[in-house]
Amino acid sequence: MTRWAWGLGLAVGIGATELAAMHESGLVWAGVGLATFGAVGAALTLGLAHRWGEVFPRWIPVLGGRTVPVWPAVAPAALVTVVLVNAGWRILVGAFVTVDLSNPMALWPLWGLAVGVATVAYWLRRRRECLQCARPALV
């Protein structure tokens, strides 16, 4: 929310001169982009746990009511898991060395773990049944 506020010209948590410098350099739009990607990522992560992650909502043109394919949901979520855990551990180790645990990125390993658990649960829930024994298949 803070980065979106900065994009709108509201100096939330920073001085007006800092905000003006961010707007001059264009840095504020990188922040708005990061905030937007974070919000979209949070919504897609929720999709791993809710019904609308299995069946597209009816209000979505063309896709509404159709089943969400498993791998287009699992592959990016798995990639995000790897990136968050890898980057998070590096930041967390640095935070312990500098004793700066106030860095919000120090929580990335937990976030990555949560996305990973949601991804595996989604995959297990959505996998097909074996045609020979009627048990869930591993692939």
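First compute the accessible area of the range 1-56 with a 1.4 Å probe, then give the percent of it belonging to carbon and sulfur atoms.
Numbers: 2630 of 3660 Å².
Heavy-atom surface of the range 1-56 belonging to carbon and sulfur, 1.4 Å probe: 72 percent.
Sequence-distant or interchain residues sharing an amide H contact under 5 Å with VAL55, placed H: which?
Hits under the 5 Å cutoff: VAL68.
The values are calculated or read from the model by the stated rules, or taken from the named source; none is laboratory data. Small disclaimer: the values here were computed from a predicted structure and weren't measured. Please note that ligands, DNA and RNA were not included when accessible areas were found on the heavy atoms of the full protein model with its side chains. Shrake-Rupley method; radii C 1.70, N 1.55, O 1.52, S 1.80 Å.
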